[in-house]
Amino acid sequence: LVREGHDSPTEFEVVTAIAFLYFAAKKVDFVILEVGLGGTGDSTNVIEKPLASVITSISYDHMQQLGNTLEAIAGEKAGIIKENVPVFFDGNCREAAGVIRRIASERGAPCREIMNHAYEIQEAGRNCIAFSRKNAYDKDITWRVPICGLYQVMNAELALEALEYVFQGCEISQKKWAEAIASVRWEGRMELAAPHLTVDGAHNLGAIEAFVKSATMLSTDGGELPVIVFSAVSDKKYEKMAEDLCKGITAKAYIVTE
């Protein structure tokens, strides 16, 4: 590429190319392809006709590349929406939802907006969150996500909605789907790293807000107050994140690095 006068590919672009070669060699039936940064200019966005597009919650992050408003960031995220390809998205952020709906309409993409009232949380603990879906098809089924982050319920609901579309007309085993969700492992996302230790990679204001909601909903063993250890790189809104942690969680101590 450099010899031909182009920029040198980034590490992420090289890894994306390696992934495509690997998927082709393995002759996979389906690929879940997650963008690296944004959507419009992301190297994964070379797929012209995906089966579906999925956009999870949108908050302030990577503003130097994506923009300084939720509308601008949503516009970049919505770059994965393709002509006539259905999009499933978290509609709880009003500013972002408006942008996604507009771009979907411009591209003739059927739009499925998922809100918090699509499901109901039954119980939450450090090892698992149980929820039910509010639809006639499987309202009596209890789904279990083995991660204590409350936002993972919305992620699971988005995944189920997209899968139901992709596999429409096929015989679906809800038991297998429930077992699949119950077997999810996601290191660094509200991960129960030890009986006394939960690790989370929250690194923007939206993620910190979600962490606070999850942490305050969980009961602590023996009623002890937690110790919060927080670190972030300097290009994040670390002062506001630290403030939200201190205001949102009553703790025995707060430890903050440089």
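The values are calculated or read from the model by the stated rules, or taken from the named source; none is laboratory data. This structure is a prediction, so every number in the text was calculated from the model and none was measured. Quick reminder, even Gly has a Cβ in these numbers, built from the backbone with ideal geometry, and neighbours come from all protein chains shown. For accessibility, only protein heavy atoms count, side chains too; no ligands or nucleic acids. Shrake-Rupley method; radii C 1.70, N 1.55, O 1.52, S 1.80 Å.
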(request) Go through segment 19-45 and give me each residue that's within 30 Å of residue 233 (Cβ to Cβ), part of a loop (DSSP other than H, G, I, E, B) and not small (Gly, Ala, Ser). (result) 32, 33, 34, 35, 37, 40, 42
(request) Quickly run through segment 49-64 and pick out the residues that are modelled with pLDDT under 90, out of contact with any Phe, Trp or Tyr (no Cβ under 9 Å at 6 or more places or on another chain) and part of a loop (DSSP other than H, G, I, E, B). (result) 59, 60, 61, 62
(message) When you scan segment 65-74, do you find a residue that is part of a strand (DSSP E or B) and out of contact with any Asp or Glu (no Cβ under 6 Å at 6 or more places or on another chain), even just one?
(response) no
(message) Suppose we filter segment 14-27 for residues that are under 24 Å from residue 165 (Cβ atoms) and either of a type in the set (Ser, Thr, Tyr) or exposed (fewer than 10 other Cβ atoms within 10 Å of the Cβ) (or both); how many remain?
(response) 1
(request) Identify, by number, the condition in (1) more than 18 Å from residue 113 (Cβ to Cβ); (2) outside any helix (DSSP H, G or I); (3) modelled with pLDDT of 95 or more; (4) not β-branched (Val, Ile, Thr) that residue 6 doesn't meet. (result) (3)
(request) Would you mention how many residues in segment 177-208 are modelled with pLDDT of 90 or more and in a helix (DSSP H, G or I)? (result) 7
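Okay, residues lined up against (1) within 18 Å of the chain's Cα centre (by Cα); (2) aromatic (Phe, Trp, Tyr); (3) open to solvent by less than 50 Å² (accessible area, probe 1.4 Å):
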position	(1), (2), (3)
107	no, no, no
128	yes, no, yes
132	no, no, yes
149	yes, no, yes
200	yes, no, yes
(message) Here is a list: 48, 4, 11. Which entry is open to solvent by 30 Å² or more (accessible area, probe 1.4 Å), free of Cβ contacts under 8 Å to residues at least 60 places away in the same chain and under 27 Å from residue 236 (Cβ atoms)?
(response) 11
(request) State whether the residues of segment 153-172 include one that is out of contact with any helix residue (DSSP H, G or I) (no Cβ under 9 Å at 6 or more places or on another chain), assigned to a helix (DSSP H, G or I) and either open to solvent by 60 Å² or more (accessible area, probe 1.4 Å) or on the phi > 0 side of the Ramachandran plot (or both). (result) yes
